[in-house]
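What follows is one structure encoded as structure tokens, with my remarks underneath.
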Amino acid sequence: MGKWGKRIGYGIGDLGCNLVFSTMASYLMVFYTDVFGITAAAAGTMMLVTKFIDAFTDTGMGLIVDRTHTRWGQGRPYFLIGAVPFAVFTFMTFYIPNFGGTGKLVWAYVTYCLLCTAYTVVNIPLNTIVPRLTSDIHERDILVSTRMVCAMIGTAIVMSITEPLVRFFGQGSEAKGYLVTMTVYGIAAMFIFFLTFASTKEVVPPTVSSHSSLKEDFKGLTGQAWILFLLNLFYFSLYVVRSTTVIYYFKYNLGRTEWLSLVGILGILSGLPMLLLLPALEKKFSKRNLMFFSIILYIVGDLLIYVGRSSAACLLIGLVITGLGIYGIFGITFAMQPDVIDYSEYKKNASVAGLIAAFQGFFVKGGMGLTSFIIGVFLKNGGYVANAEQTPKALSYIEICFIWIPIVLCILIAVLTYFYKLDSLRGEMTQELEARRKK
């Protein structure tokens, strides 16, 4: 298989993940409040609790990957193991049982936890294997960018066709529409994971192959790793806030529900060029400076949407600019991960790729759960009523979620990025690790 076959085979794994992950981020809150039939506060609390449970399963999965040694590698076997449960639990999460209120809430807790666990089984290995696929730094950047492009395409698919599919399959029943749509997404993801397994091969061994204890693994985490973890927390908080509240903002504040599919298309048009250009840009500019640039783009676009909310042109331009910014932050955050993994081997002589990916997952899930909880609390305190005309107070609370919370998160990401220092050490790390492998 040629280079592009391997790149696309690896990258498409995140498309499979995002068919369900992006739906959970964008539609699950609306599904629970407007279709499943639980309150916004109950849904937000559930997402907070289950996400922190899920965050611990991520840590366990990372430790398992670090201790896995098969002829297929450390991470690849789990693309096969997790594929079928991922499809099954997607179906169960969007199935509405004929239970009472308490029974339905219990069902939501259990099925959501199971789906998040299945996601962990396939996604943690997807995060860990880039340093094992190649030692070439530029090729790693291309792999990461290919993955980000595929992830973005998955998100755009969800934003563009989910509502039309729900209407088509539901024929007047949103419950049936969501169930059939998500079953299709789950089955498609399952076959994609099979393809990712068949298209990848782990060829670069870690410089350290033994794991003496959990305590020693934790000692392998560096300060740069903790910066990466917090970047993931704040980025995915930003992602969830934007993806979830864009539906409320366009539906209630702007009265432009028909634009939701257009938002997905604009995601492709704005995010794709940014992610395709990142490997070339990373040759000329540091990841640190590219992150600062992406943050500025997002804030400028966000403010343009706020100032020009009565102008279709301003809304469109603002959506494009925020798309460039958010996908820039997205791509650079993930491009930092292989460097952080190598830095632990370089600085601490520790092979903890799985643990690093696990902690990324921990902070991602924790950030998503906390953000979903905050959104639920905001909507409740604002007096939000599902499928009704909202009060001025409720509209202002939706605006805070969509416009101002993301700006605060961008500032926090910028502060963290200031302390990232691996750009200047990249060449030295590569030389040292290659020398160790030769020995």
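Numerical summary
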item	result
First in segment 1-26 and farther than 15 Å from Thr120 by Cα, second anywhere and charged (D, E, K, R), Cβ under 7 Å, 6 or more apart	Tyr10/Arg147; Gly11/Arg147
In segment 321-371, residue surrounded by the fewest Cβ atoms within 10 Å (Cβ to Cβ) [restricted to those that are among the basic types (Lys, Arg) and touching a Lys or Arg at 6+ places or on another chain (Cβ under 9 Å)]	Lys348
All helices (runs of 4 or more DSSP H) inside segment 218-326 with 3 or more residues being more than 18 Å from Thr417 (Cα to Cα) and of a type in the set (Ser, Thr, Tyr)	223-248
Within segment 372-404, considering residues that are over 14 Å from Val246 (Cα atoms) and among the hydroxyl-bearing types (Ser, Thr, Tyr), the one surrounded by the fewest Cβ atoms within 10 Å (Cβ to Cβ)	Thr391
Test for Ile413: is it under 23 Å from the mean Cα position of the chain (by Cα) and within 15 Å of Ser294 (Cβ to Cβ)	yes
Given (1) buried (at least 18 other Cβ atoms within 10 Å of the Cβ); (2) over 15 Å from Ala357 (Cβ atoms); (3) small (Gly, Ala, Ser), index of the condition Gly220 fails	(2)
Hey, Ser351 in a helix (DSSP H, G or I), more than 27 Å from Met274 (Cα to Cα) and among the small types (Gly, Ala, Ser) or not	no
Total residues in segment 123-139, condition under 25 Å from Ala83 (Cβ atoms) and assigned to a helix (DSSP H, G or I)	10
Residues located in segment 59-92, provided they are touching a Cys at 6+ places or on another chain (Cβ under 9 Å) and over 18 Å from Thr200 (Cβ atoms)	Phe89
Members of segment 32-53 found to be part of a helix (DSSP H, G or I), over 11 Å from Lys104 (Cβ atoms) and among the hydroxyl-bearing types (Ser, Thr, Tyr), listed by number	Thr33, Thr45, Thr50
Residues being of a type in the set (Phe, Trp, Tyr) and either under 13 Å from Lys365 (Cα atoms) or crowded, with 18+ Cβ neighbours inside 10 Å (or both) - total across segment 104-120	2
Count of segment 127-173 residues which are surrounded by 18 or more Cβ atoms within 10 Å (Cβ to Cβ) and among the acidic types (Asp, Glu)	2
Yes/no for Val377 being in a helix (DSSP H, G or I), under 28 Å from the mean Cα position of the chain (by Cα) and at pLDDT below 85	yes
Positions within segment 301-315 being surrounded by 15 or more Cβ atoms within 10 Å (Cβ to Cβ) and of a type in the set (A, V, I, L, M, F, W, C), in sequence order	Leu303, Leu304, Ile305, Cys314, Leu315
Asn381 vs. criteria at positive phi and not small (Gly, Ala, Ser)	no
Test result for Leu422, more than 19 Å from the chain's Cα centre (by Cα), over 16 Å from Ile332 (Cα atoms) and either at pLDDT 85 or above or surrounded by 15 or more Cβ atoms within 10 Å (Cβ to Cβ) (or both)	no
Matching residues in segment 124-152 - criterion: being more than 15 Å from Asp66 (Cα to Cα) and polar (S, T, N, Q)	Thr134, Ser135, Ser145, Thr146
Pair list, Cβ < 7 Å and 6+ apart or interchain, from segment 233-255 residues that are free of Cβ contacts under 8 Å to residues at least 24 places away in the same chain to residues that are assigned to a helix (DSSP H, G or I) and surrounded by fewer than 23 Cβ atoms within 10 Å (Cβ to Cβ)	Phe250/Thr257; Phe250/Trp259; Phe250/Leu260; Lys251/Thr257
Phe197, sole failed condition from (1) over 30 Å from Glu434 (Cβ atoms); (2) touching a Leu at 6+ places or on another chain (Cβ under 7 Å); (3) among the aromatic types (Phe, Trp, Tyr)	(1)
Among residues of segment 230-250, those that are surrounded by fewer than 22 Cβ atoms within 10 Å (Cβ to Cβ) and at pLDDT 85 or above, counted	2
Leading residue by the ranking (nearest to Asn253 (Cα to Cα)) among those in segment 384-410 that are in contact (Cβ under 8 Å) with a residue 12 or more places away in the chain and β-branched (Val, Ile, Thr)	Ile398
Inter-residue pairs, beta-carbon under 7 Å, first farther than 20 Å from Val84 by Cα and of a type in the set (Ser, Thr, Tyr) and in segment 172-185, second at pLDDT below 95 and part of a helix (DSSP H, G or I), 6+ apart	none
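Results for (1) closer than 30 Å to Ile64 by Cβ; (2) modelled with pLDDT under 85, shown as yes or no for each residue.
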position: Ala280; (1), (2): no, no
position: Ile317; (1), (2): no, no
position: Gly328; (1), (2): no, no
position: Thr333; (1), (2): yes, no
position: Met336; (1), (2): yes, no
position: Ser351; (1), (2): yes, yes
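The values are calculated or read from the model by the stated rules, or taken from the named source; none is laboratory data. What you are looking at is a predicted structure, and each value in this text was computed from that prediction instead of being measured. Here Cβ is always computed from backbone atoms with ideal geometry, including for glycine, and neighbour counts include all displayed protein chains.
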